[in-house]
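See below for the structure under consideration.
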Amino acid sequence: MDAAIIEFVESLRLAGIPVTTGELMDSMEALSFIPFGDKETFKEALRTTLVKRAEHSDQFERIFALHFCHLEEEKGEGGDGEGLFVRFLDGQRALEKTGLSLSPLAKALLGGEGPLLERMALQAAREASLKEMEHSLQLGSYLRRMKEKLGFFEAMKELETLVQRLEEQSSEPQSIPPLKNILRRNREGLETMLRRLARIHLDRRGESWRRGFSSPSLLDKSFWSLTEEEIGEMRREVAILARKLKLKVAQVDRRSMRGRLNTRKTLRRNLGTEGVPFEMVFRQKKRKKSQVMALCDVSSSVWNASRFMLNLLYAIQDQFDRVRSFVFVSELGEVTSFFERMEPNEAIEKALKEAPIRYHSYSDYGDVLLEFQRKYFKDVNSRTMVIIIGDGRNNYLPTRSFVLEELRERCRKLIWLNPEPRTMWGTGDSAMLEYAAFCTLVEECRNLRQLSNFVEKLIL
Amino acid sequence: MGESRFFRSPEHVVQELARHGYICPRGVGTTVFLAHQMGKPILVEGPAGVGKTELAKALSMAMDRELIRLQCYEGLDENKALYEWEYAKQLLYTQLLKEKIGELLCGTHTLSEALDKLRSHESLFFSEGFLLPRPLLRAIRADSPTVLLIDEVDKADPEFEAFLLEVLSDFQVTVPEIGTLRAKHIPMVILTSNNTRELADTLRRRCLHVFMDYPTPEQEREIIRARIPDVPPRLLAQVVSFVQNLRKMDMRKPPSIGETLDWARALVLLSAEQLDPGLVEQTLNFILKHQEDLRRTREDIHRLTRQAIAG
């Protein structure tokens, strides 16, 4: 059993669920308290000791099914309600009549002994080192190896001889066809079981690969090329990042936010000790929170970067006094109200489609800047951070970078994030180099890692 | 710590809790059972109002143990959670000492003799007598085993978590002036969290974990029946179906189990046999507390009531 649990934990780890050795030991201790054979309790015991986050629950279920669901049940191929094997109680009697002796496998097949056959199959899987199978193309050769380890081919010969012998003796000729039928069903049953076993191993491996090896690189994956599925995974990644960032802020806060001694409160608190200050009261420094105005280019070339920027910004919005968000292509539209009414992901989807702007037009940074100046400059003050996300590709239209110059004088920080590689800036219709000259900070922001590094700098 | 193990099996836990009006799924029973066997704390996570705190209360009743509660909040520190020196009492004691010191030291001739004499009394100053035990220390030092509820641990600061960890791992506390105080009995510890802040992995590792979600319709009916036995069956079914539908809508504050119970109680007091839109309208503030939620539900009250009646 222990070996099976360790294997299970290895799968969990590969799938990105962190399990410590201590927890593994806890799970084994836990199992010693529960009645043997109660599968539901067994699962619950593993879950409560190994999985400590609700979001890992689904993965736990899947991996558990791959490891502990019995070979004979479920995974229903055919599913005619019958098990894989047909019990044949008269097998022993028939065998004695012939005076032949059979190998354990042949005997088990003759009797249709499911549990015994399952144990043998598992043993064979171990001996054939099924765990090392990496690809479904290897399925055939591993099946053959398992059969060899089982002594499958020898058993088949033995059973053939048995049938022949019975036919020769033939005291009851009518019993031969049913016997043949049973033997055929049981042989097929065993083969199905071996195939399932191999499949399960492949699935386990696949499950682990999918999560375990894709997720770290997700951080470095360029925003350019994301599938729907990856966008979903990316969102989860953003949520984790936001959590880490908040924790960091809280830690820094605690260290640096203690202010001077509050004499009045200290005296009052210590009246009971005649004003001898046993307990000090300190003033709390107020962190000056800034307002953020995020301007996101949502033309098709950069909208993924904008999406995750918004995602991250709103996940940590309590770090700011207020977050206002705008989207633009050739016109500027404010989408702040979406985020006030809806949960962030929904709001982002809406912002990428339903803001009051024309989405299918050419980027015009110049016009957008003018519009921002006209409508929103009055709201920009010395506590405002303006963040622009875009590639600065202006289709050779007027750049109007003087607006940026004026903007920088009004706001606390003017930041430009560009999802293009730095080497591309200023090539073709990119006005990035011109704009960059007027910004407080310009960063390349092609993937989640760069984005999160930037946001960390922003709030610390 | 030779107390006999109270629970025999996960089912036994579920039954015992149900006897005290707390209905929970089997998974919770298994965790409680194991935590009890292994002497480990339980971390219960889940949305507000699913009965996380109630679990601890029900356990204390079922096990007939005192419930010691530590409510966490920002700024909670060791002094509030573990122990504090009673400064005022100590001060009084020193004053007493000042007056008595002449008497005490009379008969001594040299300074070192006086010091020796004093030293035999000095240790009194930092003794358990001046220690004001707070919930954690009380749970550890209690003469009979207790249930210790550490409520909303996510509200406390990260530093406090680290400190908790130390206490929960060996159930002993070191008071520098006195020494190490060991637990007389290992308390049954329940930590709850709404996840307003991410808890550290180290704390998670130390605990057995339960995620509690809103109950299924069957469970919720059972919960209400357990607490309000005289609720008419038809009303019960409709109330549960109404509340379950609300939870599926995107509410700012979905109705908790406690609020559902209050609502059902109110309806029983009004001798309602079943729901109708007028009645729901009047009593809606029992289950929804947020203006926005109330407004949205009122707009749709006929449809929602019909839906609940249809089951």
Exercise: per-residue mean of other protein chain Cβ atoms within 10 Å, A:19-27: 2
Taking all protein chains as present, what is the carbon and sulfur share of the accessible area of region B:217-310, in % to the nearest whole number, probe 1.4 Å? 51 percent
Counting only protein heavy atoms, what percent of the accessible surface of chain A is carbon or sulfur at a 1.4 Å probe? 51 percent
Aspartates and glutamates near residue A:265 by alpha-carbon distance under 15 Å, same-chain residues fewer than 8 away left out - which ones? A:274, A:279
To one decimal place, what orientation-averaged projected area in nm² is obtained for the convex hull of the Cα set of the protein assembly as shown? 51.9 nm²
Output field shielding_mean for A:30-42 (other chain Cβ, 10 Å radius) holds 4
Straight-line reach from residue B:98: which lysines have Cα under 28 Å away, leaving out those fewer than 8 places along the same chain? B:89, B:117
Please tell me the relative contact order of chain A in percent, rounded to the nearest whole number, where contacts are Cα pairs under 8 Å and at least six residues apart. 11 percent
Once all protein chains are kept in place, residue B:60 shows an accessible area at probe 1.4 Å, nearest 10 Å², of 10 Å²
Note to self: with every protein chain in place and a 1.4 Å probe, the protein assembly as shown gives an accessible area per residue in Å² of 50 Å²
Sorted by chain and then number, the residues having a modelled amide H within less than 5 Å of the amide H of residue A:221, at least 5 places away or on another chain, are A:448
Which distance in Å, rounded to a whole number, links the C-alpha centroids of region A:112-178 and region B:247-288? 64 Å
Set the Förster radius R0 to 51 Å, insert the Cβ-Cβ distance between residue A:62 and residue A:402 as r into 1/(1 + (r/R0)^6), and round the FRET efficiency to 0.05. 0.35
Of all alpha-carbon pairs in chain A, indicate the percentage at a distance above 34 angstrom. 58 percent
What size of dipole, in debye to the nearest 20, comes out for region B:32-81 about its Cα centre when the only charges are +1 on Lys and Arg C-beta atoms and -1 on Asp and Glu C-beta atoms? 160 debye
For an R0 of 22 angstrom, estimate the FRET efficiency from the Cβ-Cβ distance between residue B:292 and residue B:213 and round to the nearest 0.05. 0.40
Where the centre of each part is set by its Cα atoms, how far does region A:397-460 sit from region B:2-65, in angstrom? 56 Å
Which whole number gives the average count of other chain Cβ atoms within 10 Å of the Cβ atoms across peptide B:199-212? 5
Between residue A:134 and residue A:98, what FRET efficiency comes out of the Förster formula 1/(1 + (r/R0)^6) with R0 = 45 Å and r the beta carbon distance, rounded to 0.05? 0.50
Return the subset of B:52/B:155; A:43/A:244; A:107/A:157; A:244/B:253; A:43/B:40; A:248/A:288 for which the Cα-Cα distance in this structure is over 20 Å, preserving the input order. A:43/A:244; A:244/B:253
Report, for region A:304-460, the % of DSSP beta bridges that are antiparallel, rounded to 5. 30 percent
With Cα coordinates, the longest principal axis of chain B makes an angle with the long axis of helix B:111-122, in degrees rounded to 10, of 20 degrees
Given a 1.4 Å probe and no ligands, DNA or RNA in the count, how much accessible surface is buried by B and A, both sides, to the nearest 100 Å²? 2600 Å²
Gain on full stretching of the segment that runs from residue B:169 to residue B:253 - 0.36 nm per residue minus C-alpha separation: 26.7 nm
Principal axis dimensions, largest first and in whole angstrom, of region B:83-130 by Cα: 39, 17, 12
Given only helices, namely DSSP H runs of n ≥ 4 each adding -39500 (n - 2.57), what is the per-residue ellipticity at 222 nm of chain B, to the nearest 500 deg cm²/dmol? -15500 deg cm²/dmol
Per the helix-only calculation at 222 nm, which mean residue ellipticity applies to chain A, given -39500 (n - 2.57) for every DSSP H run of n ≥ 4 and division by its residues, nearest 500 deg cm²/dmol? -17500 deg cm²/dmol
What is the spin-label model distance, in nm, from residue B:274 to residue A:4 if the labels are put 7 Å beyond Cα along the C-beta direction? 5.1 nm
Using only the alpha-carbon atoms, how far is helix B:301-310 inclined from the longest principal axis of chain B? Give it as 0 to 90 degrees, nearest 10. 80 degrees
Highest mean first, how do B:184-194, A:48-58 rank when packing is the count of other Cβ atoms within 10 Å averaged over residues? B:184-194, A:48-58
Out of residues 5 or more away from residue A:86 or on other chains, whose amide H comes under 5 Å of its own, with H placed 1.01 Å from N in the peptide plane? A:186
Calculated SAXS-style log₁₀ I(q)/I(0) at q = 0.11, 0.22, 0.23 Å⁻¹ - region B:217-310, Debye, Cα scatterers: -0.26, -1.12, -1.24
Chain B: relative contact order from alpha carbon pairs under 8 Å, six or more residues apart, as a whole percent, is 22 percent
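The values are calculated or read from the model by the stated rules, or taken from the named source; none is laboratory data. Predicted model only: the values in this text are computed from it and were never measured. Cβ sites come from the backbone with ideal geometry, for glycine too, and all protein chains shown count toward neighbours. To get the accessible areas, we keep the full protein, side chains included, count just its heavy atoms, and leave off ligands, DNA and RNA. Shrake-Rupley method; radii C 1.70, N 1.55, O 1.52, S 1.80 Å.
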